[in-house]
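The structure appears below as structure tokens.
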Ligand code: NAD
Ligand code: UDP
């Protein structure tokens, strides 16, 4: 590696692999650190195939301080994009200690290594889940932080740690990217989301129904106070999100301190609208059954994307039709995900 690379933690995962590709294509050298606890090395092999060059890959756990020390002293990264973490809401309710330990301890070990090596540029994967049930819509960054589950609490805690760290270390430049609902896949159909077990999220579940791996989608609540009674979310194409990370990295140079930024489209889509779009994109029927509301769900959530537009000069460009078409291409060509 010639120039100082970007360290991408969790770069073998869903959003990390798309972002790694985007960074490689933009000319960055990329160093991925991932323990592969929720991903496959095949994703990075395919990223290399698409980019025409490979990221450096270090298989390690973020909580392994010696491994971090080796990575920082050997590769001297100039900036960090920090994706690595556990992300399943339901699992976090059942195993809170595991979530706090992995997400918060892992982040602390990373930040300590960054400071020890004078690496002062950070892009952090936060989530709109930190807003809990929002007081006003669209949600802007001044909305209060009140997560409703341990996963969301870990994101809120890590944000707090980074903000306090920035107060104590004025050189630190950080962006706390609050993603809304990432979906979709690279348009090649070579990389995409590969959930282990039964998917918790809407679009991966719908796509497994479309490909015949599952019988029917359960619609969690048809009596929400929304136009068609089903939950409304701000779905964002993973390629838009990847480009948002590139824009964030570029914005770090001119930034003062640490601040949060929403990454969403500003458009709400209901469960029923998503099912209809997916059926059109895949030319498959998507059987649905109405089910009770899922515990902890909210009616409606969508972003005010204005701050990202102004600060990062970035806006999501891809619509729900493209999100479904690209998810479907990935699912159809890789019905078992990265398992070959
Ligand atoms: P993912 O599970 O596909 O990727 C996370 C990666 O981190 C995986 O490759 C996993 O192996 C790795 N990892 C986990 N713990 C680790 C550790 N201790 N050490 C090293 N590697 C570790 O998830 P994703 O969907 O790509 O999400 C990436 C980030 O974005 C996560 O922090 C997640 O919380 C956040 N996020 C995701 C969503 C979403 O809906 N996908 C929404 C908002 C925020
Ligand atoms: N949803 C659903 N059936 C499913 C999964 C999700 O009806 O099998 C609904 C869920 O109630 C919410 C929307 O789809 O209204 C998005 O859910 P997801 O879990 O993807 O995202 P989040 O709830 O985290 O925004």
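The values are calculated or read from the model by the stated rules, or taken from the named source; none is laboratory data. None of these values were measured; they are calculated from a predicted model. A quick note on method: Cβ atoms are made from the backbone with ideal geometry, for glycine too, and the neighbour counts reach across all protein chains shown.
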Practice task
Test residue 130 against the criterion of being buried (at least 17 other Cβ atoms within 10 Å of the Cβ), in contact with a helix residue (DSSP H, G or I) (Cβ under 7 Å, 6 or more places away or on another chain) and modelled with pLDDT under 95, and give yes or no.
Solution key: no
Exercise for the section: Identify all residues within region 152-199 that are modelled with pLDDT under 95 and away from ligand 2 (no atom under 16 Å from the Cβ); write none if there are none. Expected result: none
Handout entry: Candidates 303, 309, 316, filtered to the one that is under 20 Å from the mean Cα position of the chain (by Cα), closer than 30 Å to residue 225 by Cβ and without any contact (Cβ under 8 Å) to a residue 12 or more places away in the chain
Key = 309
Handout entry: Boolean, residue 254 is over 22 Å from the mean Cα position of the chain (by Cα) and either surrounded by 17 or more Cβ atoms within 10 Å (Cβ to Cβ) or more than 30 Å from residue 120 (Cα to Cα) (or both)
Key = no
Exercise for the section: Output the number of residues of region 69-90 satisfying the condition of being at pLDDT 95 or above, in contact with a helix residue (DSSP H, G or I) (Cβ under 7 Å, 6 or more places away or on another chain) and within 24 Å of residue 18 (Cβ to Cβ). Expected result: 9
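Can you find even one residue in region 155-165 that is in a loop (DSSP other than H, G, I, E, B) and touching a residue at least 12 places away in the same chain (Cβ under 8 Å)? Before the answer, list the steps.
Within region 155-165, the first condition is being in a loop (DSSP other than H, G, I, E, B), and the residues that meet it are none.
No, region 155-165 contains no residue that is in a loop (DSSP other than H, G, I, E, B) and touching a residue at least 12 places away in the same chain (Cβ under 8 Å).
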Practice task
Could you please let me know if residue 245 is surrounded by 17 or more Cβ atoms within 10 Å (Cβ to Cβ), within 18 Å of the chain's Cα centre (by Cα), in contact (Cβ under 8 Å) with a residue 24 or more places away in the chain and under 18 Å from residue 314 (Cβ atoms)?
Solution key: yes
Exercise for the section: May I ask you to say which residue of 185, 299, 281, 251 is within 15 Å of residue 320 (Cβ to Cβ) and more than 16 Å from ligand 1 (Cβ to nearest atom)? Expected result: 281
Practice task
Within region 7-15, identify whether any single residue is within 16 Å of ligand 2 (Cβ to nearest atom) and either surrounded by 15 or more Cβ atoms within 10 Å (Cβ to Cβ) or touching a residue at least 24 places away in the same chain (Cβ under 8 Å) (or both), and answer yes or no.
Solution key: yes
